[in-house]
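*Asks:* Starting off with a structure, shown below.
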Amino acid sequence: MQACTPTGPELCFNAVDDNCNGVIDEGCGEQTGLLQFTIAWAAATADVNLAVTTPAHERVPSRDKSAAPGFHLDHDCPAEDGCNGQNEENVYFDGADAPTGHYLVEISLVDLHGAEAPVKVRFGARLGTRIVGFDVDLSPGEDSKKTFGFDLM
């Protein structure tokens, strides 16, 4: 776990609340809200996906854009523009009252596209007033997906 520095600068595209203000990667073009789930990785060609399942069992992102009202996928890397080597995916809730209950977060390696395994992914989450973060290693096969649960009361 990486510690933050209350007077330090916010570093972009690292899925960390560097300046301890309760927001991950603010000022970096990321959207945020009371709930925010973010992943970042340095392997520019690797395709890593982030998905969140809400307490209502709605998955974000979803093919049905009306599912999970208030939840949005912000950034989907690597994109056609390559995300400029700053791979990050971000799911956030833009409402005033975040749904309480159990959330599942899935981080999955879709394709290495020539990157070396394991792909080191940084995960950060804002759960109301609480920030959590940790590192995840993803490799093809059994280690291609990690799932984590969080409760918001």
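The values are calculated or read from the model by the stated rules, or taken from the named source; none is laboratory data. Just so you know, these numbers come straight off a predicted model, no measurement behind them. Glycine gets a Cβ as well: all are built from the backbone with ideal geometry, and neighbour counts include every protein chain shown. The protein model used for the area step is the full one, side chains on, heavy atoms only, and it has no ligands, DNA or RNA in it. Shrake-Rupley method; radii C 1.70, N 1.55, O 1.52, S 1.80 Å.
*Asks:* Compute the relative contact order of the chain as a whole-number percentage, counting only Cα pairs closer than 8 Å that sit 6 or more residues apart in sequence.
*Replies:* Over the chain, the number comes to 28 percent.
*Asks:* Using modelled amide H (1.01 Å from N, peptide plane; none on Pro or chain starts), what sits under 5 Å from the amide H of Cys77, excluding residues fewer than 5 places away?
*Replies:* Distant-sequence amide H within range of Cys77: Glu88.
*Asks:* Classify segment 11-66 from the C-alpha gyration tensor, please: rounded if a/c falls under 1.5, else prolate or oblate depending on whether a/b exceeds b/c.
*Replies:* Because a/c hits 1.5 or more and a/b fails to exceed b/c, segment 11-66 counts as oblate.
*Asks:* Compare the peptides 17-23, 128-134 by average per-residue count of other Cβ atoms within 10 angstrom and give them in order, highest first.
*Replies:* 17-23, 128-134
*Asks:* What accessible area per residue comes out for the chain, rounded to a whole number of Å², with a 1.4 Å probe?
*Replies:* Result: 51 Å² per residue.
*Asks:* Still on this model: Lys/Arg Cβ at +1, Asp/Glu Cβ at -1, dipole of segment 1-143 taken about the Cα centre: which of Asn49, Asn21, Ile39 is farthest positive-ward?
*Replies:* The residue sitting most towards the positive pole is Asn21.
*Asks:* Also: State the extension gain, in nm to one decimal, for the chain segment bounded by Asp143 and Gln31, taking 0.36 nm per residue of separation less the distance between their alpha-carbons.
*Replies:* Difference between extended and current length: 37.4 nm.
*Asks:* Could you give the length gained on full extension between Phe150 and His113, defined as 0.36 nm per residue of separation minus the Cα-Cα distance, in nm? Please list the in-between numbers first.
*Replies:* Details: separation 37, 0.36 × 37 = 13.32 nm, distance 3.08 nm.
Full-extension gain reported as 10.2 nm.
*Asks:* On to the next question. Using a Förster distance of 41 Å, how high is the FRET efficiency between Asp94 and Asp135, based on the Cβ-Cβ distance and rounded to 0.05? Write out the running numbers ahead of the final one.
*Replies:* Values: r = 27 Å, r/R0 = 0.67.
It comes out at approximately 0.90.
*Asks:* Quick check: at a probe of 1.4 Å, how many percent of the accessible area of segment 1-145 sits on carbon and sulfur atoms? If you can, show how the numbers build up before the last one.
*Replies:* Working: 3680 of 7330 Å².
Taking all protein chains in place, segment 1-145 shows 50 percent carbon and sulfur surface.
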